[in-house]
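Report on the following structure.
The values are calculated or read from the model by the stated rules, or taken from the named source; none is laboratory data. Because the structure is a prediction, the values reported are computed rather than measured. Cβ placement follows ideal geometry from the backbone for every residue including glycine, while neighbour counts extend to all protein chains displayed.
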Amino acid sequence: MVKKIFLILVLIILLISTINIVQASSIFQGADNFISTGEGKNPIDNLDNLDNASEKIYNILLILGTVIAVIVGSILGIQFITGSVEQKGKVKESLIPFVIGCVVIFGAFGIWRLVIIMLR
């Protein structure tokens, strides 16, 4: 029984090894095409494009985060000023997640900016 299983495994390995024929010429041709595509291009141009795109995304998200934080903060402030005692308590409870959210958002933007500056 063990000899039959061993014989079957050996035959399967031989069958698999004969099916996978690697043709090195296609690999070299693909590598040559890759190299010729990159010749004459300045990699610094790509980094400048990436830097500009990152700067635009950073500014858009920072403005969006700031606007949302100001709007939510204003709504909470108006509710606190005009609300009753119970509503003021609810507003105070919702200030904790608001402050934590602001710290996380602006901390993430600070880390993003720090990483971008360090990679330049």
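Pairs meeting the criteria (first residue in segment 96-120 and on the phi > 0 side of the Ramachandran plot, second residue exposed (fewer than 10 other Cβ atoms within 10 Å of the Cβ) and of a type in the set (Phe, Trp, Tyr), beta carbons under 6 Å, at least 6 apart or on different chains) are lacking. Candidates 3, 56, 41: the one that is more than 26 Å from residue 95 (Cα to Cα) and modelled with pLDDT under 75 is 41.
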